[in-house]
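Only the coordinates and a few stated rules stand behind these numbers; no lab work does. Keep in mind it's a predicted model, so treat the numbers as computed, not measured. Here Cβ is always computed from backbone atoms with ideal geometry, including for glycine, and neighbour counts include all displayed protein chains.
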Amino acid sequence: MMSRPVLLLCRLMVAVVSLALWHFLTTVPVFGRILLPPFFFSNPVDVASQIVDWFVRGTIWKHLLITLWESVLAFTIGSVAGVVVGFWFARQPRVAAVFDPYVKMANALPRVVLAPIFTLWLGLGIWSKVALGVTLVFFIVFFNVYQGVKEVSPTVLANGRMLGMSERQLTRHVYWPSALSWMFSSLHTAVGFAVVGAVVGEYLGSAAGLGYLIQQAEGVFDVAAVFAGMFVLSAFVILIDLLVTFVERRLLVWRPDGAGGHG
Amino acid sequence: MPTAVALDDATVAFRLADNRVYTAVEQASLSVEHGEFVAIVGPTGCGKSTLLNVAAGLLKPASGTVRIFDQPLSGLNRDAGYLFQADALFPWKTALDNVAIGLEIKGAPRAVALDRAQGWLTSVGLGAFAGRYPHMLSGGQRKRVGLAQVLIRDPKILLMDEPFGPLDAQTRQIMGNLLLELWNADRKAVLFVTHDLEEAIALADRVVIMSAGPGARIIGDWRVPLPRPRDISEIRMEKEFHALHREIWSVLKDEVMKGYAQSTLAPGEVA
């Protein structure tokens, strides 16, 4: 492995070279013609000034907040529902057996097709986007919690019993921590899907949010704004992901690998 | 004081996936007196652990009776502490919380439980490791925490399933000495399963030999006349130790060979 400064330098180089190449190909003619027409590809300077403009004028904050709020709601509702149902199914194998084909069916459905339905049912406000995010987050959390309860080591379970734990104490001290640890290990995926649900929902029909911003720009062929929207969205997701990593480090100290990843 | 553990004609059978019945242990009778340290030795897969699980109430015998302090056992054996072969600590709890949980379950206030747990960690030599999670401890240290976790509840009977099996030879001896030292303090009834005859003789008052499975039986019962307190690594040099070892081994050897032959047969064949 390379040392940290060298690594950072290399990473920076990739960004600089890509941006330089993009700028070169969209502005400087090669053999008499520009290879990437700016109408379709814009250029880094225009995109950057668009981003700066959004932040200076402050118009972006409203959209960022809306998307953030939708993501948070989708994540919270989806997670709580996933934990409750996952726990219930894992502890009641008969219920799980009855619902199994329907769970598989619902999970197999591409969620985008639900967006129009949710818009019809819940309108163009934030709730149709939240609903879309929930359907994505729910299954990730549900499957992980279900697995977590199912995969409790039989020895640890027998140990709990021999130490005199009642069923309620087993739930609290054995099943619950195990289920939560699996849930936390899917945190990155779940948070990512919450954002995807929000943005896709906005894109398909809304009045605010990052997805709306991109969709609007696309509608008027403002490619610079489309790219600017994508960059802001990427930065937004990276920030959220950093936050998740931080939370995860705090909560999963007891795990051998610090932070694992399932799903 | 009544007999701590009394198995009478206990037969344990399992139903296999293909619906055949596999008899693991047949008509085993075994008793452990109060304050007595009994070791069960037998070839691999002979059903030693099965017998232990019957005494723990984790398994029900198909026939025969189990009495704990003269009471027929139904459900789990509430008088027993069980030390497992595999890792059984709660990975999401620190060493201290793992030990304290035994008391917390009983309803002890958390402060009291933590205080007593710290004391037990100190007596197993891990006073400075209270805040570590199981994965940060070595195999031997995890066994020490396990021992403290079981002993803090002060069970009248201690059931141990090859507890030091996964450890290296030196650590096993150290753990054996620690166990004897702790046991000496209040002499609980101990049922200790192992495949290591030397370990059994060094630790126990009585060594019980089981035949190779399936349908394992108890085929021998020796008293160990060695004086206590013992040092496990030194007692192995004694003449009496060697004599007893030779005597028991002459019986055990045949069973070990049978057990080995058994384990190399194709499934379904019966020798």
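Shielding value for B:252-263 is 0, the average number of Cβ atoms from other chains within 10 Å of each residue's Cβ. Neighbouring Cβ atoms from other chains, within 10 Å of the Cβ of residues in A:163-175, number 3 on average.
Against chain B, whose longest principal axis is taken from its Cα atoms, helix B:110-123 shows a tilt of about 60°. In loop segments of segment A:11-48 as defined by DSSP, the chymotrypsin sites (Phe, Trp or Tyr not before Pro) with at most 13 further C-beta atoms inside 10 Å of their C-beta are A:Phe31. Its residues counted as N, segment B:135-227 yields a C-alpha radius of gyration over 2.2 N^0.38 Å of 1.15.
Straight-line reach from B:Lys253: taking Cα to Cα under 21 Å and skipping same-chain neighbours fewer than 8 places apart, the lysines in range are B:Lys48, B:Lys239. The fraction of all Cα pairs in segment A:1-116 landing in successive 5 Å bins from 0 to the largest distance is 2, 8, 8, 10, 9, 10, 11, 11, 10, 8, 7, 4, 1, 1, 0, given as whole percents.
With the Kirkwood sum run over all distinct C-alpha pairs, segment B:23-158 has a hydrodynamic radius of 16.4 Å. A Gaussian network model of chain A, with springs between Cα atoms under 10 Å, assigns the largest mean-square fluctuation among A:Met230, A:Met165, A:Met183 to A:Met165.
One Cα centroid belongs to segment A:31-78, the other to segment B:6-83; the line between them spans 69 Å. Taken over the Cα atoms of the protein assembly as shown, the convex hull encloses 237 Å³ per residue. Could you tally the net charge around A:Ala225, taking each other residue with its Cβ under 14 Å from the Cβ of A:Ala225, Lys/Arg +1 and Asp/Glu -1? Taking every other residue near A:Ala225 into account, the sum is -3. Shielding by partners for peptide B:91-102, expressed as the average number of C-beta atoms from other protein chains within 10 Å of each residue's C-beta, is 3. In loop segments of segment B:137-222 as defined by DSSP, the trypsin sites (Lys or Arg not before Pro) with at most 13 further C-beta atoms inside 10 Å of their C-beta are B:Arg187. The C-alpha atoms of chain B define a longest principal axis, and helix B:139-151 lies at about 80 degrees to it. For segment A:111-263, the residue among A:Pro116, A:Ala228, A:Phe193 whose Cα projects farthest onto the positive side of the dipole built from Cβ charges is A:Phe193.
Quick one: angle between helix B:95-105 and the longest Cα principal axis of chain B, in degrees between 0 and 90, rounded to 10, please. That works out to roughly 80 degrees.
Sparse packing (at most 11 other Cβ atoms within 10 Å of the Cβ) combined with a DSSP loop state is found for the following chymotrypsin sites (Phe, Trp or Tyr not before Pro) in segment A:143-239: A:Phe221. Which of B:Lys93/B:Lys143; A:Lys104/A:Lys129; A:Lys150/B:Lys143 have a Cα-Cα distance over 18 Å? Pairs exceeding the cut-off: A:Lys104/A:Lys129; A:Lys150/B:Lys143.
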